[in-house]
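The values are calculated or read from the model by the stated rules, or taken from the named source; none is laboratory data. Keep in mind that this is a model prediction, so the values were computed, not measured. No Cβ is skipped: glycine too gets one built from the backbone with ideal geometry, and neighbour counts run over all protein chains shown. Accessible surface is based on the protein model in full, side chains and every heavy atom, while ligands, DNA and RNA are left aside. Shrake-Rupley method; radii C 1.70, N 1.55, O 1.52, S 1.80 Å.
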Amino acid sequence: MKLFDSEIKVMDVLWRYGDFSAGKIARILKEEIGWNRNTTYTVIKKCINKGAIKRYEPNFMCRAMISREEIQRYEATELVERLFGGSVEKLFATFISNDYLSKEEITILREYMKTL
């Protein structure tokens, strides 16, 4: 499922806190990024239409129907396909060759790869 940045902001609130009313989500996003209530409600409705959020009563309660990990897997796959022609090796080579990863991070990744 493709989620836009605005939709991920709404989902992030649900992933962090669990089920919340639309009003509480709107208050959190107003504090964190300055959105008004209408913006938040519009984005929530888009997420509902996509099946990412389930709405239930009372109080326009919202529940995440997809996990953060599902979106991360989808987005990672899309990134590799779109920018690296499907090559995970090219992705890692880009990180390593541009000094994006520290030596410690590279060591951690090597150890992780050994466990697979």
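For the range 24-32, putting each phi into the Karplus relation 6.51 cos²θ - 1.76 cosθ + 1.60 with θ = phi - 60° gives couplings of 5, 4, 4, 5, 5, 6, 5, 5, 7 Hz, in residue order, rounded to whole numbers and with x for Gly and Pro.
In this structure, Leu101 and Glu57 have a Cβ-Cβ separation that, at R0 = 35 Å, corresponds to a calculated FRET efficiency of about 0.15. For the range 16-116, the set of trypsin sites (Lys or Arg not before Pro) satisfying both a DSSP loop assignment and a count of at most 15 other C-beta atoms within 10 Å is empty. Starting from the Cα of Lys54, draw a straight line to each of the lysines and keep only those under 22 Å, dropping any in the same chain fewer than 8 residues away. Here the lysines satisfying the reach criterion relative to Lys54 are Lys2, Lys9, Lys24, Lys30, Lys45, Lys46. The residue among Ala26, Ile8, Ile71 whose Cα reaches farthest toward the positive pole of the charge dipole of the chain, with charges on the beta-carbon of Lys, Arg, Asp and Glu, is Ala26.
Residues in the chain average 70 Å² of solvent-accessible surface per residue, probe 1.4 Å, ligands and nucleic acids excluded. Springs between Cα atoms under 10 Å define the GNM used for the chain, and in it the highest mean-square fluctuation of Tyr56, Tyr74, Tyr41 occurs at Tyr56.
Scalar couplings 3J(HN,Hα) for the range 105-110, obtained by applying the Karplus form with A = 6.51, B = -1.76, C = 1.60 to θ = phi - 60°, are 5, 5, 4, 4, 5, 4 Hz; x denotes Gly and Pro. Across the accessible surface of the range 1-103, with the other protein chains kept in place and a 1.4 Å probe, carbon and sulfur atoms take up 53 percent. The stretch between Tyr17 and Lys30 holds 3.1 nm of extra length on full extension. This uses 0.36 nm per residue minus the Cα-Cα distance. Annotation: amide H of Ser21 within the under-5 Å range of Cys62, sequence separation 5 or more or interchain, hydrogens built in the peptide plane. Taking N as the residue count of the chain, its C-alpha radius of gyration divided by 2.2 N^0.38 Å amounts to 1.35.
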